[in-house]
Amino acid sequence: MKFVGVTSCPTGIAHTYMAAESLEQAAKDAGHEMIVETQGSAGSDPIPQSVIDAADAVVFAHDLPVKDAARFAGKPTIDVGVKRAISDGPGLIAQAAAAAADFKANPAKAAAAAAAAPTGGLATKVDSSASLGTQVRQWLMTGVSYMIPFVAAGGILIALGFMLATFALGKDGPVLITAYDINLPKDVAHSIMDSFNPLSLTWWAALLFRVGVAAFGFLVPALSGFIAYAIADRPGLVPGFVGGAIASTTGAGFLGGLVTGILAGLVARWISRWKVAKGVRGIMPVVVTPLLSTLIVGGLFIVVLGRPIKALMDALTNGLNGLGGGSLVILGLILGAMMGFDLGGPVNKVAYTFATTGLATVGLATDAVQYKIMAAVMAAGMVAPLALALATQLRPKLFTEPEQENGKAAWLLGASFISEGAIPFAASDPARIIPASLVGSSITGALCMAFGATSPAPHGGIWVSLLFGNIFGFLIALIVGVVVMAAIVIALKSRDHSLAAANA
Amino acid sequence: MSLISESQVILDLDYPDRHQATRALAETLVADGRCTDLDLFLSDVRKREEQMATGLPGGIGIPHARSGGITTPSLVFGRSRNGIDWGAEDGPATLIFLIAAPDGGGDAHLAILAKLARKLMRKDFRQSLSDAATAAEVVEIVEREVVNA
């Protein structure tokens, strides 16, 4: 059988690796294959997703929370402390083999068991022992990663609504459709609940648009709520969501959401650490903490923080609208470089969040700057995985076997605008992959702006290309960037290969 | 990079408890500048022991810490004939590995300690250290099996 595992311990220099060795040895002795990801202090090489997907069972032997545990979701899992793996590797392997066999024999039961297993609630990516800078970054990343599904669902529905509206009502469809709403008691002719007609394209356009808007409305609250959650755990959710909703209403946008999220998290964490009388302790998490923290965050934001942040956000939007041809190309270049720099990391997410929040601006023309930015960011974000897929296809010998496997998956990931498809490559060889990615992605970003391609959809890559304006411009920009990056990767890798060969 | 020198081997480590034994082992790191703040390092090791004792089945103790008092990743090896209680369920530890890592140190440094930790799980490695007749032999085994492997 094939197993994968994760080991970790508080110090990260001894038990983590001993446990990994113990598990791998025990698996080998029992005739299985096993790869263990050591989440210790010597850095950890993430197990390629393809290997995880192929595994029959998972062993977590850990004293720290498993990082990115979602990668292993749905597999039969043995979850123990790190010491168990050191003292009883063979026993754990036998347990894993039994769990895998049981899972195969009865997948439904196993899946139910997996779902019911205590996973510690929602996942956060925060390591409380890290430095403050790292923690802040992790707070923001947690918020952003929970926000993105809302953006994807809402944004694509809105874009599809606009597309249908164009078919149904002509060029001005996207503007006309905004007159429709879910429930308009005084204007039944535009009220979806009252007058929905399944045979009319217009009504379907209105329906998609309004459901999308509803989902999009959670963008800032979810961002804010989950930043607060990352800081303060559950007590952060209520003030975070409410603060985010208020930030939305005041027009302070995602900047406001960042502020309310952090504020809510800190306030909730502070209150939940109060030492209170025993009688009050029981009602703290249900009543006192949410009540006080929500009042403090909401009140502060409305009275004090809201105005300056809204002013900043307005300045940003006006600045964007004022950008003309040349400066747009430079903006595309910069955003492209940001997308390619850390491939799904915080810099990438800043550029992406910047682009998607532009989409939320109401009543945009079909060639609005916000749509051009979205197209440039999307195209740039597709470059790295596609270029690496191309490079592994052209020169497989320059890549390890798992990388070649990753390369195949990267076609699909890249086409779907999932920059993270390039991470396994960048993680193992950042010195060559990142510069290549920077060049390729920024070229694509700049070209895409120069051609004036637009995208009203925040996510989806090639699958939402029907919604694009000037799709040929988009494709040419993308292809040029991909070819350039693949060429640089191949050139850098083969130069160093021949150097290594000469030195050997 | 060397992890251990002959002065970092104590073949007759006999103390009534693990804290005194740890101090004796750690003191060997001060002379050649591997440890610049003995008290800080000892308190970091102690903190780790208090989280959970580092004794392991098979008579092994691995006190360890990342510490601001350490400049170079280091191993100190101690062997105790009578055994010292290191908190393992199956009895006292006879082979003690004090592992010292600098705070924050680079990946290359930490990778070598990772390699050492993996080696500790190998019976043949442990046996050869248990059988070593001299400090020089211990150093030679570690160099061969960990540093240059």
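Summed over region A:72-100, the residues that are of a type in the set (A, V, I, L, M, F, W, C) and in a loop (DSSP other than H, G, I, E, B) give a count of 1.
Restricting to region A:13-60, name every residue that is without any contact (Cβ under 8 Å) to a residue 12 or more places away in the chain and part of a helix (DSSP H, G or I).
Initially, region A:13-60 is screened for residues without any contact (Cβ under 8 Å) to a residue 12 or more places away in the chain, giving A:14, A:21, A:28, A:31, A:43, A:53.
Scanning region A:13-60 gives A:E21, A:K28, A:D53.
Every residue, every condition in (1) modelled with pLDDT under 85; (2) within 14 Å of chain B (Cβ to nearest Cβ); (3) more than 30 Å from B:D44 (Cα to Cα); (4) under 29 Å from the mean Cα position of the chain (by Cα), yes or no:
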site: A:S8; (1), (2), (3), (4): no, yes, no, yes
site: A:G40; (1), (2), (3), (4): yes, yes, no, yes
site: A:V51; (1), (2), (3), (4): no, no, yes, yes
site: A:P65; (1), (2), (3), (4): yes, no, no, yes
site: A:D68; (1), (2), (3), (4): yes, no, no, yes
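If only one of A:P430, A:P396 is out of contact with any helix residue (DSSP H, G or I) (no Cβ under 9 Å at 6 or more places or on another chain) and over 30 Å from A:V464 (Cα atoms), which one is it? Step by step, each of A:P430, A:P396 is checked, and only A:P430 is out of contact with any helix residue (DSSP H, G or I) (no Cβ under 9 Å at 6 or more places or on another chain) and over 30 Å from A:V464 (Cα atoms). What's the number of the condition A:P458 fails, among (1) assigned to a helix (DSSP H, G or I); (2) buried (at least 18 other Cβ atoms within 10 Å of the Cβ)? Unmet condition: (1).
Do the conditions hold for A:I334, that is, is it closer than 30 Å to A:I443 by Cβ and at pLDDT below 95? In short, yes.
The residues in region A:255-285 that are over 17 Å from A:Y229 (Cβ atoms) and either of a type in the set (S, T, Y) or in a helix (DSSP H, G or I) (or both) can be counted, and the count is 7.
Within region A:241-259, identify whether any single residue is out of contact with any Leu (no Cβ under 8 Å at 6 or more places or on another chain), surrounded by fewer than 18 Cβ atoms within 10 Å (Cβ to Cβ), in the same structural domain as A:F301 (by TED's automatic domain parsing) and free of Cβ contacts under 8 Å to residues at least 60 places away in the same chain, and answer yes or no. Yes, because at least one residue in region A:241-259 is out of contact with any Leu (no Cβ under 8 Å at 6 or more places or on another chain), surrounded by fewer than 18 Cβ atoms within 10 Å (Cβ to Cβ), in the same structural domain as A:F301 (by TED's automatic domain parsing) and free of Cβ contacts under 8 Å to residues at least 60 places away in the same chain. Against the definition (more than 7 Å from chain B (Cβ to nearest Cβ) and touching a His at 6+ places or on another chain (Cβ under 9 Å)), how does A:K28 come out, yes or no? For A:K28, the condition - more than 7 Å from chain B (Cβ to nearest Cβ) and touching a His at 6+ places or on another chain (Cβ under 9 Å) - is not met.
Residues checked against (1) modelled with pLDDT of 90 or more; (2) part of a loop (DSSP other than H, G, I, E, B):
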residue	(1), (2)
B:S2	no, yes
B:R23	yes, no
B:E27	yes, no
B:L42	yes, no
B:K47	no, no
B:A53	no, yes
B:V76	yes, no
B:S80	yes, no
B:E89	no, yes
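Among the residues of region A:12-34, some residue qualifies, meaning at least one is under 31 Å from the mean Cα position of the chain (by Cα), at pLDDT below 85, crowded, with 23+ Cβ neighbours inside 10 Å and within 26 Å of B:R126 (Cβ to Cβ).
Applying the condition of being farther than 19 Å from A:F167 by Cα and out of contact with any strand residue (DSSP E or B) (no Cβ under 9 Å at 6 or more places or on another chain) to region A:178-192 and asking which residue is surrounded by the most Cβ atoms within 10 Å (Cβ to Cβ) yields A:V188.
The residue that is farthest from A:D496 (Cα to Cα), among those in region A:365-417 that are among the β-branched types (V, I, T) and part of a helix (DSSP H, G or I), is A:V369. Restricting attention to region A:87-105 and to residues that are of a type in the set (G, A, S) and more than 14 Å from chain B (Cβ to nearest Cβ), the residue that is surrounded by the fewest Cβ atoms within 10 Å (Cβ to Cβ) turns out to be A:A105. With the condition kept exactly as written, say whether any residue in region B:35-49 is touching a Phe, Trp or Tyr at 6+ places or on another chain (Cβ under 9 Å), within 14 Å of B:I99 (Cβ to Cβ) and more than 14 Å from chain A (Cβ to nearest Cβ). Among the residues of region B:35-49, at least one is touching a Phe, Trp or Tyr at 6+ places or on another chain (Cβ under 9 Å), within 14 Å of B:I99 (Cβ to Cβ) and more than 14 Å from chain A (Cβ to nearest Cβ), which makes the answer yes. For A:L447, state whether it is free of Cβ contacts under 8 Å to residues at least 60 places away in the same chain, in a helix (DSSP H, G or I) and not β-branched (V, I, T). The answer is no for A:L447.
The lone criterion from (1) in contact with a helix residue (DSSP H, G or I) (Cβ under 7 Å, 6 or more places away or on another chain); (2) under 27 Å from A:A410 (Cα atoms); (3) away from chain B (no Cβ under 12 Å) left unmet by A:I47 is number (1). Criterion applied to B:S80, B:S130 was being under 16 Å from the mean Cα position of the chain (by Cα), exposed (fewer than 15 other Cβ atoms within 10 Å of the Cβ), more than 12 Å from chain A (Cβ to nearest Cβ) and among the polar types (S, T, N, Q), and the one residue passing it is B:S130.
For first residues located in region B:109-134 and of a type in the set (G, A, S), partners that are part of a helix (DSSP H, G or I) and lie 6+ apart or on another chain with Cβ distances below 6 Å form the pairs B:A114/A:Y17; B:A117/A:Y17; B:A117/A:M18; B:S128/B:I141; B:A132/B:V138.
The values are calculated or read from the model by the stated rules, or taken from the named source; none is laboratory data. Being a predicted model, the structure only gives us computed values, none of them experimental. A quick note on method: Cβ atoms are made from the backbone with ideal geometry, for glycine too, and the neighbour counts reach across all protein chains shown.
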